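Chemist: Provided herewith is a single structure, encoded as structure tokens, for subsequent inquiry.
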Amino acid sequence: MIFNKSKETMSRDEITQVQLERLQMTLNRVYRNVAFYKTSFDTQGVGAESIRTLEDLGRLPFTTREHLLSAYPYDMFAVPLRDIVRLHSTSGTAGKPVVVGYTKNDLSHWAECTARLLSAAGITDQDVVQIAFHYDLCTGGFGFHQGAERIGASVIPASATAPDKQIMVMRDYKTTALLSTPSFAARLAQELETQHIHPEKLFLKKGLFGAEPWSENLRREIEERLHITALDNYGLTEIMGPGVAGECEEKRGLHVNEDHFIVEIVDPATGAAVSAGETGELVFTTITKEGFPLIRYRSGDMAAFLCDPCPCGRTFCRISRVSGRTDDLIFFGGTKLFPADVEKILLAVEGTAPHFAIDLWSDPDGSEVMEVKVEISEKVFAIDKLRDLESVRDVIRRRIEQVLGVSAKVLLVEPKSLRTDADGAKFRRVTDRRRK
Ligand SMILES: [Zn+2]
């Protein structure tokens, strides 16, 4: 079902018109109310009046994470604190977080955006929705909560508590839809197996997973182990939280809520727009936010536009599933590669689990080493023939060399040894300890 048909099926001309009007309003507002934007537009000699088409957006300067960090806590707010009714922040694992504020209208738009995502996933007022994101300064729990209530679903604010408790709630309260990080969903599947509960003993039919990049392989694993349809969604606290983009039941990429956000995809090195279909860095401009509007914010997340029409009828543009972070871009042996490139190779090798990590370091002689740690599947692990393991390792090593043109060490590790923590903490895919 389409939650807001008159918006989500607008023609391209209508979308462009709405975006341009709202963009100009936003530019005027940030110029008046945010010192950072006044200075930055004045320095570049641009402003609302120089933006006549959406293509002109490219003339405006980017906003980066560093800009937001140096505005800590409130310097990027475009309204006085008395108009802010909710505060959230990023996790701020390395130092101070980015603090974001929402007005009443912002919260209402946020609920609308997440309600659209839930509807696109087939969730209705008949569903019992268990939200296993943290309910705290992070945006996951509260963000989805309002959208699920707006749809009229029965909402269980389970938060990200212990897996055994989640399973009890899921079974006893007859949960039909689960919202969490994909790694937490995998953890719950494991808990079911530990407790010898067959997934059919539950009522679960759908899952919406996000807040960290995850692969098609992990999607398959979650779907098979929980007997559900698993859909991806994308959001980031700086822009809103969950609700920026999400998959419909067609699983052909994520529809962006284009009447609230303008998305661009740029080459992370040059900042120029990439060609159609090419992967680059997602850049977002908010066009309805009042409390914390951002112009051309560089997300650091990598994806591509998918341009063919979607059979679901929604006309909002689609982006591919996020394939990694610009920070994960690895320069090694004269080559540029992403963890997603390694993942593609692993997908084709039987006997590997959808979990891997890449370590880089410098040997004492100065040469650089890349090691790919790969989890093997339970099946291969159970057979445990040394020769079989060696052949799996050799296949991976050869494929990396042929496809990526680099030679890497490959280390096979036991099933579940690389998995993320039960609390859904973000998993570190790449560790670079090379001497600079
Ligand atoms: Zn669709």
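The values are calculated or read from the model by the stated rules, or taken from the named source; none is laboratory data. Worth saying up front: this structure is predicted, and the values here are computed from it rather than measured. Cβ coordinates were reconstructed from backbone atoms using ideal geometry, including for glycine residues, and neighbour counts include every protein chain displayed. Calculation scope for accessible area: heavy atoms of the full protein, side chains included, ligands and nucleic acids excluded. Shrake-Rupley method; radii C 1.70, N 1.55, O 1.52, S 1.80 Å.
Chemist: Could you tell me which of the residues VAL244, VAL256 is within 16 Å of the ligand (Cβ to nearest atom) and within 24 Å of ARG428 (Cβ to Cβ)?
Modeler: Of the residues listed, the single one that is within 16 Å of the ligand (Cβ to nearest atom) and within 24 Å of ARG428 (Cβ to Cβ) is VAL244.
Chemist: Here is a further query. Answer yes or no as to whether GLY424 is at pLDDT below 85 and open to solvent by less than 60 Å² (accessible area, probe 1.4 Å).
Modeler: Criteria met by GLY424.
Chemist: Also, I was wondering about something else. Tell me which of these SER299 doesn't satisfy, since it passes every other one: (1) farther than 29 Å from PRO339 by Cα; (2) away from the ligand (no atom under 16 Å from the Cβ).
Modeler: The one condition SER299 does not meet is (1).
Chemist: Here are some conditions: (1) within 18 Å of ASP232 (Cα to Cα); (2) in contact with a helix residue (DSSP H, G or I) (Cβ under 7 Å, 6 or more places away or on another chain). THR139 meets all but one. Which one does it not meet?
Modeler: Against the list (1) within 18 Å of ASP232 (Cα to Cα); (2) in contact with a helix residue (DSSP H, G or I) (Cβ under 7 Å, 6 or more places away or on another chain), THR139 comes up short only on (2).
Chemist: Here's something else I'd like to know. Report yes if some residue within the stretch 31-38 is in the same structural domain as PHE77 (by TED's automatic domain parsing), touching a Leu at 6+ places or on another chain (Cβ under 6 Å) and of a type in the set (A, V, I, L, M); otherwise report no.
Modeler: Checked against the condition, which is being in the same structural domain as PHE77 (by TED's automatic domain parsing), touching a Leu at 6+ places or on another chain (Cβ under 6 Å) and of a type in the set (A, V, I, L, M), the stretch 31-38 yields no hits at all.
Chemist: Can you name the number of the only condition in (1) modelled with pLDDT of 95 or more; (2) more than 16 Å from the ligand (Cβ to nearest atom); (3) touching a strand residue (DSSP E or B) at 6+ places or on another chain (Cβ under 6 Å); (4) open to solvent by less than 10 Å² (accessible area, probe 1.4 Å) that GLU223 fails?
Modeler: GLU223 satisfies all of (1) modelled with pLDDT of 95 or more; (2) more than 16 Å from the ligand (Cβ to nearest atom); (3) touching a strand residue (DSSP E or B) at 6+ places or on another chain (Cβ under 6 Å); (4) open to solvent by less than 10 Å² (accessible area, probe 1.4 Å) except (4).
Chemist: Looking only at residues that are under 23 Å from GLU112 (Cα atoms) and more than 11 Å from the ligand (Cβ to nearest atom) in the stretch 306-326, which one is least open to solvent (accessible area, probe 1.4 Å)?
Modeler: Checking each candidate, the answer is ILE319.
Chemist: Determine whether THR175 is in the same structural domain as GLY246 (by TED's automatic domain parsing), under 28 Å from LYS416 (Cα atoms), over 23 Å from the mean Cα position of the chain (by Cα) and surrounded by 22 or more Cβ atoms within 10 Å (Cβ to Cβ).
Modeler: Considered against the rule, which asks whether it is in the same structural domain as GLY246 (by TED's automatic domain parsing), under 28 Å from LYS416 (Cα atoms), over 23 Å from the mean Cα position of the chain (by Cα) and surrounded by 22 or more Cβ atoms within 10 Å (Cβ to Cβ), THR175 comes out as yes.
Chemist: Testing ASP232 on (1) open to solvent by less than 30 Å² (accessible area, probe 1.4 Å); (2) within 11 Å of ILE319 (Cα to Cα); (3) within 16 Å of the ligand (Cβ to nearest atom), one condition comes back false. Which one is that?
Modeler: So ASP232 meets the others, but not (2).
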